[in-house]
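What follows is one structure encoded as structure tokens, with my remarks underneath.
The values are calculated or read from the model by the stated rules, or taken from the named source; none is laboratory data. The structure presented is a predicted model; accordingly, all values stated were derived computationally and were not measured. So basically every Cβ, Gly included, is an ideal-geometry build from the backbone, and we count neighbours across all protein chains shown.
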């Protein structure tokens, strides 16, 4: 047991520029080089990738969702099958969330992305009641009622067995007033203490707990929440809650929060995965990120491309391979990409697979997008190591057209 | 060009028992060790496997369907993208069918398996007219009318660029009388001659043509059709048409046909892929098989298992991983299987993926089923080489319960 305890560690290898840092996040299932991206294996799997494909795309760490797994197949079943790492065949570092995000997304009618694509409509509200004790909701699987308390979330996450787990919080939406945000934050703090207490009561060294900073877009609330997280014995920090209505507000909230948060713990930014957002987060000291974006867009034909590979100037960080322009395109998604998809397949072929609804299209695009994100994080780590992070960020911020023809085409689209 | 021509060859390495034989089928894209199974990459792809996964599962050769590809993306598009081997990234030996099977399946209301699962209902008949010239049908993609003649089928297959191509025939259904079967066979012979003529007129050595034996279940018609195929300059033979209403009739038709057919050409049995059927076909000298079965059952949770690994005694050659009995099964699909799925995943995990509609389940099962079929063909080749084929066939024919408990459970199911 003490052997297991020693297996968790977070070491900062190098610091700067600004708060950007290079780290090693050690878990019993392996070490994560940070900054790192955590991929969402929602129901204990990526929808269209095997764990071998995840590994081949240089993935370091994945997360699964407590909300989905508590309903199906249930934590007891996962535990009986050896815990998430064994169950999934992944065997590497894993994180679970608390279940709160999905429950509250459902409750406010903003169905969580992963659920939206599946079987629920926006108007179907399954959150029945939130009170001091916890959240009561109805299962989307069989209609049964469940009560998720902070203690229950920790017990479920213990059963699931991920290395990194998080406290239950209310995922406060953006469109509520400051008073609600404050009340919600304070309740989340009390839930965090109950989560911590439950965690410590049964701690066998196999898992580590993250606290979550709340406070929405309000600097004084963020300050209070940072103070709460700093003052309590969490292994890691997560930045959660509403990050604002636009990117600039998100960057401001992240900058302010990170300026006050303790520096020695690994720190995760919840649910953010845009390329520019990653650069911004890293600059302010974020160590890990997660987002369904890279795999969700794959299911709609979206392939991530570097700024200089974007034929479509639509302000997006991806191209849509369903577009007719790719019908007979003999190039890979990116000619400067070493992933299994770009090594073997053309845009034209993937376009054909999308048009004929052949599901391996999603595998090929997801495989590229996962490799892309891991490659980006690798570039970021290398840049920090070589004091080139500011330059890398600039390189990735600008649109670098391949040639003048492309530039003209882009102009004709935007004008 | 003459260099390409030399690249096609069929050599029989070893003969016996009976008509069973070990062969090498050489094509410009590689050599196929026969007996071999040809997997269906219907729309230029397997639905849930990448070509890397196909290769890792020891696949030697795949086929694509002319009917689907002529509609989408069209032979000109595939040709402009380098032909099927380059387009798909497969680069190995490939076969295309003539398009006839799907057109006539649609026509008779027996929608072809691959189509049935997709968007057409049985009653939707898209075959408009068959006459001496060819078959007129309506595209399921955009409703456009197409005319498929023997010449057009060859031209389309030339555009697609597979190594092995086949003549256009009418896929005569079982439930027609002998007169119709005879008339249809004779027209198919005339179409075969037109196919051959078109093929020879433009032959550049890059493809080889297979003739097809028709004649339904009627020995005299089979005899006439064999004589026709024997007498004409086809590179390979295919056994097609109706093979009867049950397995015994199929075995009789195959036995009779093969007893009369020339022995020096590679010979393919169209659309057959049951394990016992493969053993029977090999015994009568069949060199290659194709069937959607291994990948189609994967999409319904069906995993092929060796006779001694069948927990379910339902007279099937697979188990259904959707069944509740696998919910917490910690064993792989087969404990004596070396495929990527059995090496890394349990039945319980795949059951969970099926229950939560996570599409990677189909990838994992298909990956096993493809490996299974290739492994079976490898065992068959090894057995022929080592004069153990009869023993292997016996071993695979019987149900070998793992232990008495399983036997009792099976008895209680069947009684």
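Quick check on this structure: which one of A:204, A:230 is in contact with a helix residue (DSSP H, G or I) (Cβ under 9 Å, 6 or more places away or on another chain), touching a residue at least 24 places away in the same chain (Cβ under 8 Å) and farther than 19 Å from residue A:268 by Cα? Full working, then the answer.
Working: A:230 fails: farther than 19 Å from residue A:268 by Cα.
Among A:204, A:230, only A:204 is in contact with a helix residue (DSSP H, G or I) (Cβ under 9 Å, 6 or more places away or on another chain), touching a residue at least 24 places away in the same chain (Cβ under 8 Å) and farther than 19 Å from residue A:268 by Cα.
Is there a residue in region B:153-171 that is modelled with pLDDT under 85 and part of a helix (DSSP H, G or I)?
Let us first name the residues in region B:153-171 that are modelled with pLDDT under 85, namely none.
No, because not a single residue in region B:153-171 is modelled with pLDDT under 85 and part of a helix (DSSP H, G or I).
Which pairs do you get when a residue that is closer than 14 Å to residue A:42 by Cβ and facing chain A (nearest Cβ under 7 Å), found in region B:343-360, comes within reach of a residue that is in a helix (DSSP H, G or I) and at pLDDT below 95, reach meaning Cβ atoms under 9 angstrom, with the pair 6+ apart or on two chains?
B:356/A:68
In region B:52-66, what residues are more than 8 Å from chain A (Cβ to nearest Cβ) and free of Cβ contacts under 8 Å to residues at least 60 places away in the same chain?
B:55, B:62, B:65, listed by residue number.
Return yes when residue B:394 is away from chain A (no Cβ under 14 Å), surrounded by fewer than 20 Cβ atoms within 10 Å (Cβ to Cβ) and over 18 Å from residue B:52 (Cβ atoms) and no when it is not.
Working: away from chain A (no Cβ under 14 Å): yes; surrounded by fewer than 20 Cβ atoms within 10 Å (Cβ to Cβ): yes; over 18 Å from residue B:52 (Cβ atoms): yes.
It is true that residue B:394 is away from chain A (no Cβ under 14 Å), surrounded by fewer than 20 Cβ atoms within 10 Å (Cβ to Cβ) and over 18 Å from residue B:52 (Cβ atoms).
Inside region B:10-51, can you point out the residues that are within 14 Å of another protein chain (Cβ to nearest Cβ) and free of Cβ contacts under 8 Å to residues at least 60 places away in the same chain? It would help to see each step written out before you state the result.
Of the residues in region B:10-51, the ones within 14 Å of another protein chain (Cβ to nearest Cβ) are B:39-51.
Answer for region B:10-51, where residues must be within 14 Å of another protein chain (Cβ to nearest Cβ) and free of Cβ contacts under 8 Å to residues at least 60 places away in the same chain: B:41, B:43, B:44, B:45, B:50, B:51.
As an exercise: evaluate residue B:3 against (1) within 30 Å of residue B:181 (Cβ to Cβ); (2) at pLDDT below 95 and give the number of the one condition it does not meet.
So the condition that residue B:3 fails would be (1).
For residues that are more than 10 Å from every other protein chain (Cβ to nearest Cβ) and surrounded by fewer than 24 Cβ atoms within 10 Å (Cβ to Cβ), scanning just region A:75-88, find the one that is farthest from the chain's Cα centre (by Cα).
Going through region A:75-88, the residues more than 10 Å from every other protein chain (Cβ to nearest Cβ) turn out to be A:75, A:79, A:83-85.
Going one step further and asking which of them are surrounded by fewer than 24 Cβ atoms within 10 Å (Cβ to Cβ), we end up with A:75, A:79, A:83, A:85.
Working: A:75: 22, A:79: 24, A:83: 21, A:85: 18 Å.
Checking each candidate, the answer is A:79.
Could you grab me the full set of residues in region B:237-257 that are surrounded by fewer than 23 Cβ atoms within 10 Å (Cβ to Cβ) and in contact (Cβ under 8 Å) with a residue 40 or more places away in the chain?
Scanning region B:237-257 gives B:242, B:244, B:245.
Scan region A:275-288 and tell me whether some residue there is within 14 Å of chain B (Cβ to nearest Cβ) and surrounded by fewer than 22 Cβ atoms within 10 Å (Cβ to Cβ).
No - not one qualifying residue is present in region A:275-288.
Within region A:286-294, identify whether any single residue is outside any strand (DSSP E or B), over 18 Å from residue A:59 (Cβ atoms) and assigned by TED's automatic domain parsing to the domain that holds residue A:37, and answer yes or no. Even if it seems obvious, please write down each step before you answer.
Of region A:286-294, the ones outside any strand (DSSP E or B) are A:286-287, A:291-294.
From the residues that got through so far, the ones that are over 18 Å from residue A:59 (Cβ atoms) too are A:286.
Adding the requirement that they be assigned by TED's automatic domain parsing to the domain that holds residue A:37 leaves A:286.
Checking region A:286-294: at least one residue is outside any strand (DSSP E or B), over 18 Å from residue A:59 (Cβ atoms) and assigned by TED's automatic domain parsing to the domain that holds residue A:37.
Scan region B:18-29 for residues that are surrounded by 15 or more Cβ atoms within 10 Å (Cβ to Cβ) and in a loop (DSSP other than H, G, I, E, B) and jot them down.
B:19, B:20, B:28, B:29
What do you reckon, is residue B:131 at pLDDT 95 or above and in the same structural domain as residue B:210 (by TED's automatic domain parsing)? Walk me through how you get there before you give the answer.
Numbers: at pLDDT 95 or above: no; in the same structural domain as residue B:210 (by TED's automatic domain parsing): yes.
The answer is no for residue B:131.
Rundown of residues vs (1) more than 23 Å from residue B:93 (Cβ to Cβ); (2) at pLDDT 95 or above, yes/no style:
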residue: B:314; (1), (2): yes, no
residue: B:331; (1), (2): yes, yes
residue: B:338; (1), (2): yes, yes
residue: B:343; (1), (2): yes, yes
residue: B:351; (1), (2): yes, yes
residue: B:373; (1), (2): no, yes
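Residue by residue, here is whether (1) over 29 Å from residue B:204 (Cβ atoms); (2) touching a strand residue (DSSP E or B) at 6+ places or on another chain (Cβ under 6 Å); (3) surrounded by fewer than 22 Cβ atoms within 10 Å (Cβ to Cβ) holds:
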| residue | (1), (2), (3) |
| --- | --- |
| B:31 | no, yes, yes |
| B:34 | no, yes, no |
| B:49 | yes, no, no |
| B:63 | no, yes, no |
| B:66 | no, yes, no |
| B:69 | no, no, no |
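Report yes if residue B:197 is closer than 24 Å to residue B:18 by Cβ and surrounded by fewer than 18 Cβ atoms within 10 Å (Cβ to Cβ), otherwise no.
On the way: closer than 24 Å to residue B:18 by Cβ: no; surrounded by fewer than 18 Cβ atoms within 10 Å (Cβ to Cβ): yes.
No: the conditions fail for residue B:197.
Being surrounded by 21 or more Cβ atoms within 10 Å (Cβ to Cβ) and within 19 Å of the chain's Cα centre (by Cα): is that true of residue B:213 here? Outline the logic, then answer.
Working: surrounded by 21 or more Cβ atoms within 10 Å (Cβ to Cβ): yes; within 19 Å of the chain's Cα centre (by Cα): yes.
Considered against the rule, which asks whether it is surrounded by 21 or more Cβ atoms within 10 Å (Cβ to Cβ) and within 19 Å of the chain's Cα centre (by Cα), residue B:213 comes out as yes.
Looking only at residues that are free of Cβ contacts under 8 Å to residues at least 40 places away in the same chain and out of contact with any helix residue (DSSP H, G or I) (no Cβ under 8 Å at 6 or more places or on another chain) in region B:153-187, which one is nearest to residue B:66 (Cα to Cα)?
B:184
Among the numbered criteria (1) over 17 Å from the mean Cα position of the chain (by Cα); (2) crowded, with 22+ Cβ neighbours inside 10 Å; (3) within 30 Å of residue A:383 (Cβ to Cβ), which single criterion is violated by residue A:93?
(1)
Step by step: first the residues of region A:293-308, then only those that are surrounded by fewer than 18 Cβ atoms within 10 Å (Cβ to Cβ) and in contact (Cβ under 8 Å) with a residue 24 or more places away in the chain, then the one that is farthest from the other protein chains (Cβ to nearest Cβ). Which residue is that?
A:307
Just to verify a result, which residue in region B:309-325, among those that are within 14 Å of residue B:361 (Cα to Cα) and within 14 Å of another protein chain (Cβ to nearest Cβ), is surrounded by the fewest Cβ atoms within 10 Å (Cβ to Cβ)?
Per the criteria, the residue is B:322.
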